[in-house]
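Notes to accompany the following structure.
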Amino acid sequence: MSLLEIRGISKIYGNVNALRNVDMTVEQGEWLAVMGPSGSGKTTMMNIIGCMDKPSEGTVLLDGIDISTESARNLTSIRRDKIGLIFQQFHLINYLTALENVMVAQYYHSMPDEKEALQALDRVGLLARAKHLPSQLSGGEQQRVCIARALINYPMLVLADEPTGNLDEANEEIVLDIFRKLHEEGITIVVVTHDPEVAQEAQRTVILEHGRIARIVVNESGKGQEGE
Amino acid sequence: MTKRSMYFKMIASSLIRRRSRMFVALLAVAVGATILSGLVTIYYDIPRQMGQEFRSYGANFILVPASGEEALSETSAEAAVSLIPSDEVVGIAPYRYETVKINEQPFMAAGTELEEARKASPYWFVSGDWPETDGSVLIGQEVADTIRLLPGNTFTMTGTDGNGESFSREFRVSGVVQTGGTEEAFIFMSMADFVAAMGESGAYDVVECSISAPQTELEDIAASVTERVPDVAPRLVTRVTRSEGTVLTKLQALVFLVTAVVLLLTMICVATTMMAVVAERRKEIGLKKALGAPNRNIILEFMGEGLLLGCLGGVLGVILGFGFAQLIGVNVFSRSVHFQAALAPVTLIASVLITGLACMIPVRSATDVDPAIVLRGE
């Protein structure tokens with residue numbers, strides 16, 4: 001069974017069809033990229049996969065649960081337990097340290113564990129910056145804190161929205177390297193991106209245009225491909 | 001780390017590390033709590049403040065012989081006086097009256113404890129001095145006008161003592177008293193001089209008391225005296241006690257009204273500030289929801305911040321409020337106020353409750369934040 005199975009979903013906002021009859025699957029451990037121009041429906045798809053929105057039509061099965069029919073409260077619970085979110089703008093809480101930002105995710109999930117949070121920061125190379133506030137961290141460091149936060153509860157699916165969109169080349173490489181390691185560890189990753197170089201890292205790239213899947217590209221250079 | 005300690009760390013960090021933002025909210029709460037604390041202190045101190053003010057208008061409680069009795073025995077008077085709380089006594093002056101003659105004209109002589117009379121009747125205006133030595137008297141303005149005496153003059157008083165024998169004694173006018181009332185027709189002398197001239201009787205005609213207590217308490221004292229000392233009839237000087245009660249009630253009503261308005265304004269101010277705080281932190285709320293925070297957690301966190309602010313503002317309010325009350329006491333009543341320790345928890349609880357109420361609407365709106373909208377990439 002696929003980890004994520006999208007069957008004929010559409011999303012209509014007033015007169016706008018953000019998504020039209022989209023079918024897609026993501027396998028356990030797969031690294032998938034979603035690309036497309038602005039207005040193609042990438043964000044809408046990310047919101048639906050991330051349990052922050054529901055499709056107008058169709059079904060979305062995440063780990064066998066139909067998230068297109070669940071209540072808002074259940075969606076919050078599913079998001080908390082199964083999904084790790086990474087944002088383009090990092091969205092760290094500015095009055096909490098890097099360590100506390102990671103622990104916030106634990107706090108909402110189960111129980112804050114400082115040791116485990118420090119290990120997560122160590123995993124992204126930020127152990128030495130654990131007590132720093134976001135304002136004292138560079139963009140790349142903030143994004144790594146965001147990744148540590150996304151991983152802390154061992155999610156089934158890591159959903160990243162333009163994770164390198166606000167980073168310089170050096171930091172982009174650091175972040176992609178972390179993604180590669182995560183993929184090697186078997187974590188399922190869905191990355192929404194504008195950047196073809198980032199998309200190329202994935203095993204498959206779903207290209208959206210006008211709310212439809214225009215094509216699906218299997219990336220030969222994708223890290224997952226190497227393993228197959 | 002437990003969930004609880006993480007919760008407190010989050011709300012404390014939010015207040016400490018966002019000082020400039022939260023200072024405005026804290027200021028709103030502290031100002032409200034200060035005025036609340038100050039006005040409530042004044043509210044409870046008004047009876048004491050005004051009571052002392054009213055004491056300058058003379059006795060408000062008198063003891064006279066019960067019907068059927070000719071005079072108040074000293075023993076009964078002392079028993080009745082012992083029922084008055086000593087810390088509320090301003091002055092207690094026993095009086096004996098006898099008719100005497102000066103230049104063959106009849107006048108009324110009053111023997112009293114002059115120091116106590118002075119305390120009980122601070123409104124008496126004395127030209128000259130209060131008597132300090134034996135043989136010195138105060139005469140009323142009416143007496144002074146009739147027999148043309150001035151302070152420093154001497155005169156001879158004649159009369160009949162308690163044994164029916166005539167006496168003739170010389171007195172010196174120490175001062176002339178003006179009250180605008182019947183006291184101006186009296187000659188006031190110390191009880192010792194009175195007893196020396198008129199003889200010992202072991203009884204008083206009346207005991208005038210000035211007591212710093214509201215009308216209800218005076219009524220209680222009167223009831224107690226009536227019950228325990230039946231040959232003494234206590235009377236409230238209603239023209240004093242009733243007007244005192246009326247003024248106090250009106251003043252307290254005014255302070256109560258102002259306090260209520262201040263509380264309402266504080267609530268509006270805190271609610272507005274918290275609205276701004278919530279609006280400013282929509283992304284943070286969206287992020288927390290995206291991380292899986294249920295609405296209950298969002299409410300608990302914002303309420304926690306609000307209540308902590310209320311608590312801090314309340315503590316500041318207790319301290320600054322006493323200063324505020326002191327300022328009013330000194331400038332309006334010319335007396336310092338007492339620190340009412342029992343009001344401190346009242347201010348704290350009121351401050352926390354008002355802040356909690358004020359936070360309800362903003363916090364409710366925080367739960368309406370849609371993470372998909374506020375976290376949208378730019």
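The values are calculated or read from the model by the stated rules, or taken from the named source; none is laboratory data. Small disclaimer: the values here were computed from a predicted structure and weren't measured. Cβ atoms come from the backbone with ideal geometry, glycine included; neighbour counts cover every protein chain shown. Keep in mind that these areas ignore ligands, DNA and RNA; they rest on the heavy atoms of the full protein, side chains included. Shrake-Rupley method; radii C 1.70, N 1.55, O 1.52, S 1.80 Å.
Based on protein heavy atoms only, the protein assembly as shown ends up with 45 Å² per residue of surface accessible to a 1.4 Å probe. Under Stokes-Einstein, with the Kirkwood radius over Cα pairs as Rh, the value for region B:237-361 at 10 °C and 1.306 mPa s is 92 µm²/s.
The long axis of helix B:295-328 is offset from the longest Cα principal axis of chain B by roughly 30 degrees. Mind pulling the angle between the C-alpha long axis of helix B:19-55 and the longest principal axis of chain B? Nearest 10 degrees, somewhere in 0 to 90. Compared with the principal axis, the helix lies near 10 degrees. A straight chain from residue B:258 to residue B:70 at 0.36 nm per residue would run longer than the Cα-Cα distance by 62.5 nm.
Taking 7 Å steps out from each Cα toward its Cβ at residue B:5 and residue B:53 produces label points 5.6 nm apart.
Amide H contacts under 5 Å for residue A:56: A:10, A:11, A:12, restricted to partners 5 or more places along the chain or on a different chain, H placed in the peptide plane at 1.01 Å from N.
Given the peptides B:329-342, A:91-104, A:158-171, arrange them by the average over their residues of other C-beta atoms within 10 Å, most packed first.
Values: B:329-342: 13.7, A:91-104: 24.1, A:158-171: 19.7.
The packing order, highest mean first, is A:91-104, A:158-171, B:329-342.
Note on residue B:105 and residue B:82: the model spin-label points, each 7 Å out from Cα along the C-beta direction, lie 4.5 nm apart. Roughly speaking, what % of Cα-Cα pairs in region B:46-87 are separated by over 13 Å, rounded to a whole number? When all Cα pairs of region B:46-87 are counted, 67 percent exceed 13 Å.
Using Cα pairs under 8 angstrom and six or more residues apart, how large is the relative contact order of region B:60-184, in percent? Don't jump to the answer; show the numbers that get you there.
Details: 176 pairs, mean separation 27.9, N = 125.
With pairs under 8 Å counted, the relative contact order is 22 percent.
Distances between every pair of Cα atoms in the protein assembly as shown, grouped in 10 Å steps from 0 to the bin holding the largest one, split as 3, 13, 16, 13, 9, 7, 7, 7, 7, 7, 6, 3, 1, 0 percent.
Rg over Rh of region B:129-176, using C-alpha atoms and the Kirkwood radius, what does it come to? Before the final figure, lay out each step's value.
Numbers: Rg = 11.6 Å, Rh = 11.4 Å.
Rg/Rh for region B:129-176 comes to 1.02.
Can you show me the helix-derived [θ] at 222 nm for chain B, built from DSSP H runs with n ≥ 4 at -39,500 (n - 2.57) apiece and divided by the number of residues, rounded to the nearest 500.
Only helices count here, giving -18500 deg cm²/dmol.
Between residue B:185 and residue B:216, the modelled label-to-label distance comes to 3.9 nm, taking each label 7 Å out from Cα in the direction of the beta carbon. Look at where the Cα atoms of region A:1-72 and of region B:292-353 average out, and the two centres are 51 Å apart. Amide H contacts for residue B:204 (H built 1.01 Å from N in the peptide plane; partners 5 or more residues away or on another chain; cut-off under 5 Å): B:72, B:73, B:74. Shielding value for B:6-18 is 4, the average number of Cβ atoms from other chains within 10 Å of each residue's Cβ.
Tell me which residues come under 5 Å, amide H to amide H, from residue A:34 once H is placed; ignore anything under 5 positions away on its chain. Here the answer is A:191, A:192, A:193, A:206, since their amide H atoms fall under 5 Å of that of residue A:34. Calculated on C-alpha atoms, the gyration radius of region A:71-228 divided by its Kirkwood radius gives an Rg/Rh of 0.98. For region B:60-76, 3J(HN,Hα) computed residue by residue from phi via the Karplus equation (6.51, -1.76, 1.60; θ = phi - 60°) reads 10, 8, 10, 10, 10, x, 5, 4, x, 9, 8, 8, 8, 5, 4, 5, 5 Hz, glycine and proline entered as x. The per residue volume of the convex hull around the alpha-carbon atoms of chain B is 184 Å³. Counting every pair of alpha carbons in region B:59-236, the share spaced more than 30 Å apart comes to 20 percent. At a threshold of 10 Å², the residues of region B:276-322 that become less accessible to a 1.4 Å probe in the full protein assembly than in their chain on its own are B:283, B:284, B:287, B:288, B:289, B:290, B:291, B:292, B:293, B:294, B:297, B:301. Chain B packed on chain A takes about 2700 Å² of accessible surface away from a 1.4 Å probe, both sides summed.
Taking the protein heavy atoms of region B:59-236 in the context of the full set of protein chains, the accessible area attributed to carbon and sulfur is 45 percent at 1.4 Å.
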